Every structure is written in C-alpha cells, then in structure tokens.
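Have a look at the structure below before the remarks.
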Amino acid sequence: MIVLLPMAMAVANRSSPLVLACAALFVLASRLVSDGSDSYRLALKGLRSSALVFAICGIVYPLVTLAWALKPALGLFSWGEAVLPAVSSAVLIVSWRIAPPPRWMVGALATAMLIAAGFIVAELLFKLPLRHLYGGRLATFVHNRPVVTLLLLLGPVLVLIGFHRRWMLCWLVLLATVVAILESESEAAKLGLVAAAGTFALSYAPFVWVKRLLTVVLLGLIWMQPFFGSTVERIMPEKVIEATKAGNSEARIELWKAFGDVSRRYPIFGTGFASSPHMGSHPVAAEIDPAYRTMLNVGHPHNAFLQVWVELGAIGALFLTGLVLWVMKSLSGAPADIRRIGLVTLMTTSAIALVSHGAWQGWWIAAVTLAAALLTLRPAPSQPVE
C-alpha cells in the first residue's frame with residue numbers, strides 16, 4: 001500500500017489518507033498476529049512520557065476549541081481527516097521499531113515515484129489524455145497535490161536508497177520529480193524545491209549552528225503570523241511581487257492581512273478548529289477592513305502557520321513551537337545523513353506550508369507524516385551531537 005501511494009495520488013489526488021490508513025492497519029494486524037501485543041508494549045517503553053503527553057494534548061486541544069467553533073460538526077470531520085493519517089504514520093513508526101519493512105519496499109517506492117512523476121509530466125504535456133479516459137477532473141492544477149507529495153517523500157526515499165548504493169535509481173527519481181514539479185502549476189512545490197536545495201547546501205555547515213539558525217527562522221515565522229501579511233507587503237519589493245504574479249502573490253498578501261486581522265481579534269484561543277472555511281460568515285467578518293474582507297470567503301489563509309493562529313490562537317502556536325523544538329532535538333541525535341535530509345524535509349514542509357494548502361487537509365498530513373516515518377528506518381543512530 002505504501003508503494004502504491006504515489007501512483008494513487010497521481011490518479012486521485014486526495015487518496016493518500018485512505019492508502020496510508022490501510023497500510024497501517026495491515027501492518028498493525030500482521031504484527032499483532034505474529035508477535036501479539038507484547039511487542040508493542042516493548043516498543044512503546046522507550047518513548048518519553050512527556051512526548052506522549054504533548055502529542056495527546058496536541059490532538060485533544062483542537063477538539064476542545066470546537067466548543068466555540070462556528071460549525072463544530074464540520075470541524076469534527078476535519079479533525080478526523082487530519083488525525084487519521086497522523087495516527088497511521090505513528091502506527092508505522094512503532095511497528096517498524098519492532099520489525100522493519102522488507103528491504104525491497106524503499107526501492108519499489110522509488111520506482112512508484114518515478115512512474116507517478118512520468119505520468120504527471122505526460123498528462124501535463126499532452127493535455128490530460130488519461131484523465132479523459134477514466135473521467136478524472138480535467139484541470140491541470142489537480143496535479144499540484146501529487147507533486148507536493150512527491151517532493152516531501154523525495155529526500156527520505158533518496159537517503160534510504162543511498163544506503164543500498166542504488167545511485168542510478170536515485171538520480172532517475174530526483175530528475176523525474178524535479179521535472180514534474182517544474183512542469184506543474186504548483187508554485188508552492190517550486191518554492192519547496194528552492195528551500196530544499198538551499199537547506200541541503202546549508203546543512204554542510206556545523207549542525208549546531210544550522211540548527212540554531214533554522215530554529216530561530218521557524219520560531220520567528222510562527223510568532224509573527226498575526227502581522228505576517230502587513231510585514232510581507234511592507235518589505236517585499238514591487239519587482240518580486242511582479243515576478244511572482246503566477247503564484248497570486250498580491251492576492252495572498254491580501255488574504256494574509258485579512259486572516260491576520262482575525263487572529264489579532266482572537267489572540268489566545270482562536271476562533272475554533274477548522275473555522276477558516278466559514279470565516280466569511282463568522283461575526284468577526286463585520287469587523288475586518290472592508291478593503292480585504294471578501295478574502296475571508298476563500299476558505300483558508302493559504303498559510304498553515306497563520307491558520308493555526310486563526311483557529312487555535314497563541315495556544316496552538318505554542319504547540320507548533322514545541323513541535324519544531326522536538327523535531328530539532330530528535331535530529332540532533334540522528335546519523336549525519338538522516339540529520340541532513342531531516343532538515344531538508346522540515347524546511348521544505350515549512351516553505352510549502354507558509355504559502356499554500358489548508359493546514360488540516362488529510363493528503364498533506366499523510367505526505368508529511370509518511371516522510372517522517374521513512375526517516376525512522378535508519379537502523380543504527382549515531383551519538384547525539386552536542
């Protein structure tokens with residue numbers, strides 16, 4: 001099922017949560033049948049209770065905010081859509097601590113990514129011929145989600161293939177994914193590709209300094225979100241805005257300003273989980289500057305960090321801060337190659353999240369958490385770096 005995921009996304013671009021959940025279910029069932037529940041109890045013993053408490057609170061707090069959300073029933077559905085792939089990836093991580101997947105899986109996954117990238121490029125170049133055959137949605141932007149998924153999986157898959165010295169497959173997957181991203185309409189994926197290349201180059205500097213720099217950058221981005229739109233408008237040169245018109249940069253700035261205004265009016269607890277799609281009908285809409293009030297009807301702020309502020313407030317930002325610090329701490333004790341690709345994946349994810357997609361979309365959570373799960377497959381961690 002994991003091997004099929006990239007191809008499933010290329011054909012049906014919201015399918016990854018279901019595919020990932022099936023994979024986790026099958027792995028869980030097979031482990032319980034072969035080893036019983038004792039193996040899971042042993043695997044979970046190494047987890048720190050503080051990390052478990054943090055994870056539980058991060059899952060429960062959005063549920064609590066549904067008490068003041070505009071449409072709590074729809075919010076509950078969105079919560080399930082986000083939690084399902086996250087829990088599925090967690091099941092895979094714990095299961096792989098008991099017994100790693102077969103060695104052929106990563107190579108097969110790389111081959112599937114190669115096929116999916118080729119399919120996407122062919123569809124874009126020849127005006128969606130296969131979608132005409134099977135009745136898919138006839139719009140080129142439908143491939144934005146699959147290329148983002150390919151980009152997020154790229155680093156972990158490349159480093160795992162590299163363990164087996166399959167360099168030709170590495171280069172083919174890398175080339176095909178880059179071509180698919182450049183051919184696609186996803187400006188977010190292109191920004192993520194730039195972030196990946198920049199972080200990869202930066203990662204050859206001493207890790208302790210890179211970690212500090214990137215931590216400051218990420219925490220700064222998280223805590224400036226209520227003023228992000230106005231800040232970008234003030235500091236971004238007109239030439240840059242003109243050059244990025246294909247990515248709707250002007251509309252995005254207006255969008256960030258509108259949702260930033262909402263976040264400043266509900267600074268602590270937010271407006272409630274998954275309230276962004278209904279913000280245009282929220283009472284706060286009447287208080288927003290009429291110049292960009294209509295932007296509240298877009299559905300979400302196209303900025304996951306800002307969406308956390310809008311819906312979960314400063315408490316949500318604290319959880320996001322804790323997540324960044326925990327990831328950085330985890331990478332500190334990882335082998336050099338996993339550490340490098342972990343940083344690349346983190347910054348690629350952050351760059352895409354900053355400008356695109358709803359924060360709680362299941363396909364997005366599936367791509368991010370599966371990439372994290374794959375990075376746990378390195379068998380022998382090195383000593384922590386001080």
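Computed from the coordinates by the stated procedures, all read-outs in this text should not be read as laboratory data. All values reported here derive from a predicted model rather than from experimental measurement. With ideal geometry, Cβ positions are generated from the backbone for all residues, glycine too; neighbour counts draw on all protein chains shown.
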Problem set entry | DSSP-assigned coil residues among chymotrypsin sites (Phe, Trp or Tyr not before Pro) in the range 133-242, each with at most 13 further Cβ atoms within 10 Å | TYR204
Exercise. How far is it, in nm, from the label point at ARG41 to the one at ASP337 when both lie 7 Å from their Cα along the line to the Cβ?
Worked result: 3.7 nm
For this session: Mind checking which aspartates and glutamates have their Cα closer than 14 Å to the Cα of LYS239? Skip sequence neighbours fewer than 8 apart in that chain.
Result: GLU250
Seminar exercise, completed: For the chain, averaging the sequence separation of alpha carbon pairs under 8 Å that lie six or more residues apart and dividing by its residue count, the contact order in percent is 24 percent
Problem set entry | Gyration tensor (alpha-carbon) shape descriptor, the range 1-137, a/c threshold 1.5 | oblate
Problem set entry | Gaussian network model of the chain, Cα within-10 Å springs - most flexible of VAL232, VAL368, VAL262 | VAL232
Seminar exercise, completed: Labelled set (i) 80, 46, 34; (ii) 82, 59, 39; (iii) 59, 52, 45; Cα extents along the principal axes in Å computed from this model equals the value at (iii)
Seminar exercise, completed: The relative contact order of the range 157-277, taking Cα pairs under 8 Å that sit 6 or more residues apart, comes to a percentage of 20 percent
Seminar exercise, completed: Comparing ARG31, ARG103, ARG340 in a Gaussian network model of the chain (Cα, 10 Å), the one with the largest mean-square fluctuation is ARG103
Problem set entry | Within a Gaussian network of the chain (alpha carbon springs, distance under 10 Å), most fluctuating of GLY342, GLY270, GLY333 | GLY333
Exercise. Percent of alpha carbon pairs in the range 240-386 separated by more than 23 Å?
Worked result: 45 percent
For this session: With a Förster radius of 35 Å, plug the Cβ-Cβ distance of SER30 and MET168 into 1/(1 + (r/R0)^6) and report the FRET value to the nearest 0.05.
Result: 0.65
Problem set entry | Label point distance in nm, LEU202-LEU63, each placed 7 Å from Cα along Cα→Cβ | 3.7 nm
Exercise. Once every DSSP H run of n ≥ 4 in the chain is given -39500 (n - 2.57) and the sum is divided by its residues, what mean residue ellipticity at 222 nm do you get, rounded to the nearest 500 deg cm²/dmol?
Worked result: -23000 deg cm²/dmol
For this session: Please check which bits of the range 1-22 a label hung off MET105 would reach, taking the label as a point 7 Å along Cα-to-C-beta and the cut-off as backbone N under 13 Å.
Result: 1-5, 20-22
Problem set entry | Estimated inter-spin distance, CYS22 and VAL284, nm [label 7 Å along Cα→Cβ] | 3.9 nm
